[in-house]
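Engineer: Please see the structure below; I have some questions.
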Amino acid sequence: MSLSSARQRRATAASPPTDDGYAKDAKDRRRRPGGDGDSEDEGIKWFLPFLALGLLRHMSASSNLIHDCDEVFNYWEPLHFLLYRSGFQTWEYSSDFALRSYLYLFFHALVAGPASLIFGEHKVRVFYSVRIFLGLISTITETVLVVALSRRYGKRLACYVLAMLCLSSGCFFASTSFLPSSFSMYAVTLSSALFLLEKYAGAVSVAAAGVILGWPFSILVFLPVTVYSLIRGSFRRVFLSGFVTSLCFLVLSFVADYYCYGRLTFSVFNLLKYNVIGGGESHLYGTEGFSFYFRNGFNNFNFAFILALLFLGVVPFARKKYAPDLLIVVSPVYIWLAFMSLQAHKEERFLYPIYSLICVAAAAVIDSLPDFFHDKYSSDQSIFEKIAKGLRPLILGFILCASHSRTFSMLNGYGAPLQIYQHLEHHDDTGPGSILCVGSEWHRYPSSFFIPSYISEVRWIDDGFRGLLPFPFNETLGGTTAAPSYFNNKNKAAEGQYLKDIGACNLLVELDLRRPYPSRGSDLSTWEALAALPFLDRELSPALYRSFFIPYRWQQNNVFGLYKLLRSLQIFTAIDFLIPMCNGVPIFVPLILPSYKFITR
């Protein structure tokens, strides 16, 4: 009896550890990476996630769309003005309102400024240099998150998160967008990673930077990590770290605003006042129903978004593994979705701060599938637990394929505007002082970085829009310090925002969706097409096929219009022919007028 008991004890001691992801000793080893000298417990090394994310973020920087006109007119255009003293100004940058912080622009000018000196007149290269810079920031912050998850929860969860960060449509598009909400996403990602690495002071400092330099409303996203960092870390050290960081950025923001707006003002307070104290005037720019962000989240993450919402249901089965730390990190998904869904004005970019956390929550649910069938009183795995383990890579693979399909559909369906505007540099034979006109496609204008020097100005033409459009920065009124009378905060069209004489247009950008009413470019006696690219017609294309690229079906089932760059034929004056005689033979000599380049090309 005693011999048998001894053998049983030896067998138990020698038996291999079970695949229990929440075993206490395993959890302790992950909390102290490398503490016992076992390199396997250190998790994923830095190089792999940095390389994978770097490649995907470079792809995003070079091929990403501009998804929101606010990105152009509130960030690319004022940055262009700081560099080249030309660009469009919105009412938010009027000195009367001063809703936008120039400190955020100066941060990006650290890259854009040297790039403008290096590339000179090639402004498009400056544009993509800034995008590559944004992609690099995204790569670094997400790499830290993947490594932190690996050290804390194991390689499998970290690999799942890495795959989703690389291939999910939402992260692909948001990672290189020049928007404060994207900057907040970087800060949320890094702050969460530092929290998991138990760098509490750093987590709070990054959170402060994300709120002040990025987007003030994102304070709700940082709240759980900040509160628990104050509780777990040295309160004095963590508090002072956050306080000093906040104070530094507030002072820098105040100085930048004073320098650019020319008066004592504070853009962070002005933004909060306009949206909160001022009665939520942002509803003037459109409202959406409660389900908007849930539909949008599914479009950008497909079934991963649904899994992320189910994370709370997983916690009771895997509480030893994920509670409380990962629950603290993921909780902003629910807080932010609830808060933003209650607001009347909704935009896709408002969801950016929680994009990386959606990937973490979804990956945790996939990783925990076997836990639903795990019997802690039995050392043997049930058939259902084995099936759940086998389903994990299949579910992840399906999500990644659907995400790639979404990304591919978006880039190919709506990528024409950026490509069309890049054609402008090949048509300088139009002549210096040319005027480029844009009608209903003003909201897809990709910024003045795409406008060559031979074009003297870009003008809007009236296609029925009755809201307030941007005006060029007015140097005579003071540039950034100006408070032009034509700006208002009620989104009312201003006198003079449209060019009334369309005959003055030398070039025109137009989207021809082939509706019953004719487009301007259809008049071949007035316009010639310099370039035309297919553009997906959202209204006439089925939702399934326009949202996801399905081989052999995408082109067949979707309807496409043409995105056109047109040149006016009216700018070329009539030609008077002189017929001199030479030995009785008539010689036709054209009288060359300012349009000689067109005549002789």
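Engineer: Provide the net charge surrounding Tyr160, with neighbours chosen by a C-beta distance below 12 Å and charges set as Lys +1, Arg +1, Asp -1, Glu -1.
Structural biologist: Cβ neighbours under 12 Å give a net charge of +2.
Engineer: Next question, about the same structure. Å³ per residue of the Cα convex hull, for the range 229-355?
Structural biologist: Normalising the Cα hull of the range 229-355 by residue number yields 153 Å³.
Engineer: Using only DSSP helix segments of four residues or longer, with each worth -39500 (n - 2.57), what per-residue ellipticity at 222 nm results for the chain after dividing by its residue count and rounding to 500?
Structural biologist: So the calculated ellipticity at 222 nm is -15000 deg cm²/dmol.
Engineer: Once the Cα gyration tensor of the range 128-286 is diagonalised, what are the square roots of 5 times its eigenvalues, in whole Å and ordered largest first, as equivalent ellipsoid semi-axes?
Structural biologist: 29, 21, 15
Engineer: Express as a percent, rounded to the nearest 5, the fraction of DSSP beta bridges in the range 414-577 (both residues included) that run antiparallel.
Structural biologist: 60
Engineer: A further question follows. Are there any trypsin sites (Lys or Arg not before Pro) in the range 52-125 that are in a DSSP loop and have at most 11 other Cβ atoms within 10 Å? List them by number.
Structural biologist: Within the range 52-125, the qualifying trypsin sites (Lys or Arg not before Pro) (loop, at most 11 other Cβ atoms within 10 Å) are Arg85.
Engineer: Local charge sum around Ser101 (other residues, Cβ-Cβ under 13 Å, Lys/Arg +1, Asp/Glu -1)?
Structural biologist: -1
Engineer: Now a separate question. What range in the chain is the longest one free of GluC sites (Glu not before Pro) that are in a loop by DSSP and have at most 13 other Cβ atoms within 10 angstrom?
Structural biologist: The reported range is 122-494.
Engineer: With r as the distance between the Cβ atoms of Phe373 and Leu524 and R0 = 51 Å, compute the FRET efficiency 1/(1 + (r/R0)^6) and round to 0.05.
Structural biologist: FRET efficiency, Leu524 to Phe373: 0.15.
Engineer: A follow-up question, please. If you take every DSSP beta bridge whose two residues both sit in the chain, what share of them, in percent to the nearest 5, is antiparallel?
Structural biologist: Around 70 percent antiparallel, to the nearest 5.
Engineer: Another one. Which distance in Å, rounded to a whole number, links the C-alpha centroids of the range 161-227 and the range 311-387?
Structural biologist: Between the Cα centres of the range 161-227 and the range 311-387 lies a distance of 18 Å.
Engineer: What are the extents of the Cα atoms of the range 414-577 along their three principal axes, listed from largest to smallest and rounded to whole Å?
Structural biologist: Per principal axis, max minus min of the Cα coordinates gives 56, 56, 29 Å.
Engineer: Quick check: net charge around Val204, other residues with Cβ under 15 Å of its Cβ, Lys/Arg +1 and Asp/Glu -1?
Structural biologist: Summing Lys/Arg as +1 and Asp/Glu as -1 gives +3.
Engineer: May I ask for the percentage of alpha-carbon pairs in the range 500-557 that lie more than 19 Å from each other?
Structural biologist: Considering the range 500-557, 47 percent of its Cα-Cα pairs are separated by more than 19 Å.
Engineer: Under 17 Å from the 7 Å Cα→Cβ point of Leu252, by amide nitrogen: which residues of the range 195-216?
Structural biologist: In the range 195-216, the label zone of Leu252 (backbone N under 17 Å from the point 7 Å along Cα→Cβ) covers 202-216.
Engineer: Report Rg/Rh for the range 102-212, rounded to two decimals, where Rg is the Cα radius of gyration and Rh the Kirkwood radius.
Structural biologist: 1.04
Engineer: With a 1.4 Å probe and every protein chain kept in, tell me what percent of the accessible surface of the range 391-482 is carbon plus sulfur.
Structural biologist: Carbon and sulfur together cover 58 percent of it.
Engineer: Starting with the highest mean, order 352-358, 476-482, 307-313, 109-115 by the number of other Cβ atoms within 10 Å, averaged over the residues of each peptide.
Structural biologist: The peptides rank, most packed first, as 352-358, 307-313, 109-115, 476-482.
Engineer: Pop out the ³J(HN,Hα) list for the range 441-453 in order, Karplus 6.51 cos²θ - 1.76 cosθ + 1.60 with θ = phi - 60°, rounded to Hz; leave Gly and Pro as x.
Structural biologist: After applying 6.51 cos²θ - 1.76 cosθ + 1.60, I find 8, 4, 6, 10, 4, x, 3, 6, 5, 9, 9, x, 5 Hz.
Engineer: Further question on the same structure: Using the structure shown, select from Lys45/Lys386; Lys155/Lys389; Lys492/Lys564; Lys321/Lys389; Lys123/Lys500; Lys45/Lys155 the pairs with a Cα to Cα distance greater than 20 angstrom.
Structural biologist: With Cα atoms farther than 20 Å apart: Lys45/Lys386; Lys492/Lys564; Lys123/Lys500.
Engineer: Kindly report the accessible area of the range 414-577 per residue (heavy atoms of protein chains, probe 1.4 Å, no ligands, DNA or RNA), in Å².
Structural biologist: 49
Engineer: Would you give the gap between the C-alpha center of the range 481-542 and the C-alpha center of the range 69-100, rounded to a whole Å?
Structural biologist: Taking the Cα centre of the range 69-100 as reference, the centre of the range 481-542 is 21 Å away.
Engineer: Continuing with this model, one more query. Starting at 0 and stepping by 20 Å, how many percent of the alpha carbon pairs of the chain end up in each bin?
Structural biologist: Bins of 20 Å from zero give 17, 46, 25, 8, 2, 0, 0 percent of pairs.
Engineer: Between Asp462 and Lys490, what is the label-point separation in nm under the 7 Å Cα-to-beta-carbon projection?
Structural biologist: 1.9
The values are calculated or read from the model by the stated rules, or taken from the named source; none is laboratory data. Everything numeric here is computed off the predicted structure, so don't read it as measured data. Because the Cβ atoms are built from the backbone with ideal geometry, glycine has one as well, and the counts that use them run over all protein chains shown. Ligands, DNA and RNA are excluded from the accessible area calculation, which covers all protein heavy atoms including side chains. Shrake-Rupley method; radii C 1.70, N 1.55, O 1.52, S 1.80 Å.
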